[in-house]
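One structure is given below, encoded as structure tokens.
Throughout, read-outs are computed from the coordinates displayed, never taken from laboratory work. Because the structure is predicted, anything quoted here is derived from the model rather than measured. Positions of Cβ are generated from backbone atoms using ideal geometry, with glycine treated the same way; all protein chains shown enter the neighbour counts.
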Amino acid sequence: MSQKKKLESDRDRLRSTIAEIDKSVERLESEGVQMASQLADKEQQLAQQDKERADADAKALSLEAEKGSELDSQLAADDRETLQDLTATIDDLKSRLRECTKAEEALHKQHSDLTNALALNLEKRERELVNKVETCVVPKSLANSKGVYGCDIVTRSERVL
């Protein structure tokens with residue numbers, strides 16, 4: 001009778017451990033999905049800023065070419081005023097380009113940090129779960145039995161690994 005109770009106790013403890021592992025796996029999967037979503041958002045922001053930077057570069061080159069032409073001295077008064085406005089726009093665009101570049105670098109760093117954190121977290125949790133499964137002791141009589149409990153334990157353990 002006492003061996004039967006011990007086996008039942010071991011079985012209950014193993015079921016509890018497996019339930020904890022299942023919850024941990026679900027939580028990790030949820031965290032992984034959330035981090036992947038954040039990563040996708042950051043990549044989208046980065047792509048948008050890259051596009052804005054390319055547009056600003058193209059506009060700046062166009063305005064710079066127009067500014068450097070030899071026609072400056074032959075311009076009418078309102079054309080010179082337009083030129084001054086364009087020069088101010090160029091300076092503004094250059095300033096925005098510097099800001100976009102800084103933001104892009106920050107997004108690249110954040111992307112890298114999130115990717116590294118996700119990888120480290122998943123590796124750590126995998127080691128913890130494998131260690132937890134390895135420390136579970138299945139009595140020989142229970143592991144060799146062809147009953148429902150032996151199959152259930154093996155199936156869940158194999159799934160975790």
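The table below gives the values:
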item: Nearest-0.05 FRET efficiency for Arg27 and His108, computed from C-beta distance (R0 22 Å); result: 0.15
item: Sites Thr82 and Ala119, calculated FRET efficiency, Cβ-Cβ separation with R0 35 Å, nearest 0.05; result: 0.05
item: Inter-site label distance for Asp91 and Ser2 at 7 Å from Cα along Cβ, in nm; result: 9.3 nm
